[in-house]
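One structure is given here, and the rest of the page talks about it.
All of the numbers you see were taken from the coordinates with simple rules; none came from a lab. What you see is a predicted model; the values in this text were computed from it and never measured. Positions of Cβ are backbone-derived with ideal geometry, glycine not excepted, and every protein chain shown enters the neighbour counts.
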Amino acid sequence: MTRKKHTLLIAGASGVVGAAAVEHFAALPDWQVLALSRRPSPLPDGVHHVALDLTDAAACAAAAPHLSEVTHVMFAALYELPELVAGWRDPRQMAVNEAMLRNLLDALQPAAKGLRHITLMQGTKAYGGHVTPAPVPAKERWPRHAHENFYWLQEDLLRQRQPHAAWTFTVLRPQLIFGYAIGSPMNAVAAIGAYAALQRELGQPLKFPGGGRCVNAASDSRLIARAAEFAATHEIAANETYNVVNGDMLVWQDLWSSIAQRFGMAVGEDEPLELTSQMPALEAVWQRIVDKHGLRPLSLAQMIGSSWQFTDRALAHGLAQPANSVLSSIKLRQHGFADCEDTEDSLHHWLARMQAERLLPR
């Protein structure tokens, strides 16, 4: 391994956040990247894959000698139950996610003597929006929302160990992440692109399948990666929590015609449709699309996973008057990170990426 100034271990490297982080840090001259995931995925030149199941404490301990050079960790690994939304409040899901971080820390702390920083991923559930509407805009300085969440278990674990260690940590809280991954449980870009392709193949216009209008926001996974670099290299970020959002607002109905245009479709009247229950039945139609357009030979289930469930929620399906959900990005700006992304451009970037990778038809 070529010796560089920093060695970053990205846990969950095959996910939406992890994949973008791998690409970002691999392009920086001073960073060596170790991509940790259970299954291999295409990686940039120079990135080393670490095949590891973080739920297996013994496997983590056995891998520790190979991680001795790690100076930074980005923990983007995530365990979700098949029933995605219900799983967010399930004690089993919380326990597994806590154990994954604990197993990695137990292995790393004795072996990686030069460990200096850990970036921990959270999200909007920190503000309890899946339990009750959160005030707008949501701010990091608020007390913890009183609900059970694996975020708190993981964060408490870091806070318990950090005073006795040489490393600091930073918590990042993005919202509705746009990025690229196959089979991710929470990739609205893939689900929306597949929905559009299916409707087009069926000769239908692109109808908005969600609920009522609400103000939302999104986080480009590339922006999250850049924020992670900031957190890892600036003292002001030590033991801090930051919302990471693109910087503009999102109303899905106002973006819908732009999505339709990308797929060469007319926009239909809004028509509520539960993607979770309706889209899996179109597997044969998807295979027709794959054959017609020369896409990668993946089933709809393989590509989308439980993202149908996540997208139904993101589009407020079944809610006539959904609550607005906006995170304040002021603290991160005040601390010196002023980067941003245009959300419409971000969505099209990732749709185009999936088209270029032959996952979606042009």
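Since only PHE169, TYR151, ALA181 are under comparison, the one whose Cα sits farthest along the positive direction of the charge dipole of the range 138-185, derived from C-beta charges on Lys, Arg, Asp and Glu, is PHE169. If a/c stays under 1.5 just call it rounded; otherwise compare a/b with b/c (prolate if a/b is bigger, oblate if not). Do that for the chain, with a ≥ b ≥ c from the square roots of the Cα gyration tensor eigenvalues. Note, shape of the chain comes out prolate. Reported to the nearest whole Å, the Cα centre-to-centre distance from the range 229-260 to the range 54-103 is 24.
Reported value for the range 130-190: 152 Å³ per residue, from the convex hull of its C-alpha atoms. Taking every lysine pair in the chain that is 8 or more places apart or spans two chains, those with Cα atoms closer than 28 Å amount to 6. Only Cα pairs under 8 Å and 6+ residues apart enter the sum, and on that basis the relative contact order of the range 119-187 stands at 47 percent.
DSSP beta bridges fully contained in the chain are about 5 percent antiparallel. Short-range pairs are left out: with C-alpha atoms under 8 Å and at least six residues apart, the relative contact order of the chain is 19 percent. Taken about its Cα centre, the range 203-305 carries a charge dipole of roughly 420 debye when the Cβ of each Lys and Arg holds +1 and the Cβ of each Asp and Glu holds -1.
A compact globular protein would have a Cα radius of gyration near 2.2 N^0.38 Å; the ratio found for the range 279-362 is 1.48. Under a model in which nothing but the beta-carbon of Lys, Arg (+1) and Asp, Glu (-1) is charged, the chain shows a dipole of about 520 debye around its Cα centre.
Computed from label points 7 Å out along Cα-Cβ, the spacing between LEU298 and ALA59 is 2.1 nm. Run the numbers on the range 275-362 and let me know its relative contact order in percent, using alpha-carbon pairs under 8 Å that are six or more apart. Computed value for the range 275-362: 36 percent relative contact order. Relative to a virtual label point 7 Å from the Cα of ASP270 in the Cα→beta-carbon direction, which members of the range 186-216 show backbone nitrogen distances below 14 Å? 207-216, by backbone N distance to the label point.
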